[in-house]
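Just so it is clear, none of the values below were taken in a lab; they were calculated from the coordinates. Nothing here was measured: the structure is a model prediction, and the numbers come from that model. Because the Cβ atoms are built from the backbone with ideal geometry, glycine has one as well, and the counts that use them run over all protein chains shown.
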Amino acid sequence: MLATNIFLKIINREIPAKIVYEDEHCLAFHDISPQAPVHVLIIPRKEIRTHADLTEADKAVLGHIHWVAKQLAEQLGLAEGYRLVINCNEAGGQSVPHLHLHLLGGRKFGWPPG
């Protein structure tokens, strides 16, 4: 168990977050250090450390968080486009050891991302 995981503390309401979506499978909230005008994190309630730790049993939850991202993009006015990002492990830019999907939008993005 990742008892010190900040995302679990948000799920358990031990620390505040600006929550924009919640269901039995995931939670979505605004990032406290946004990298775009819209920057929402979508996290599964299930503890999955990284993308590399996904199992076949996690296919449904991964699909669900992508569906939630699409719904939130519509609700947050990102019809012109948005970016979804999943960082994996520290070298891949992951700073919290709990799988999460970044929904970024509200500005034009370049390629390569950096």
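Quick check: from the Cα gyration tensor, does region 6-105 come out rounded (a/c under 1.5), prolate or oblate? Present the calculation step by step, with values, prior to reporting the outcome.
Values: a/c = 1.32, a/b = 1.24, b/c = 1.06.
The shape class here is rounded.
Tell me the angle of helix 59-75 to the major Cα principal axis of the chain, expressed in degrees between 0 and 90 and rounded to the nearest ten.
40
Can you show me the helix-derived [θ] at 222 nm for the chain, built from DSSP H runs with n ≥ 4 at -39,500 (n - 2.57) apiece and divided by the number of residues, rounded to the nearest 500.
On the way: 2 runs with 23 residues, N = 114.
That comes out to -6000 deg cm²/dmol.
Give the separation of the Cα centroids, region 1-45 to region 49-114, in Å.
Centre-to-centre (Cα) distance: 13 Å.
Relative contact order of the chain: what whole-number percent is it, with Cα pairs under 8 angstrom and at least 6 residues apart? Intermediate values should be presented prior to the final figure.
Details: 159 pairs, mean separation 33.6, N = 114.
Computed over the chain, the figure is 29 percent.
How many nm is it between the label spots at Glu74 and Lys46, if each spot is 7 Å from the Cα in line with the beta carbon?
Spacing of the two 7 Å Cα→Cβ label points: 2.5 nm.
Between Glu56 and Lys9, 0.36 nm times their residue separation minus their Cα-Cα distance comes to what?
On the way: separation 47, 0.36 × 47 = 16.92 nm, distance 2.63 nm.
14.3 nm is the gain from fully extending Glu56 to Lys9.
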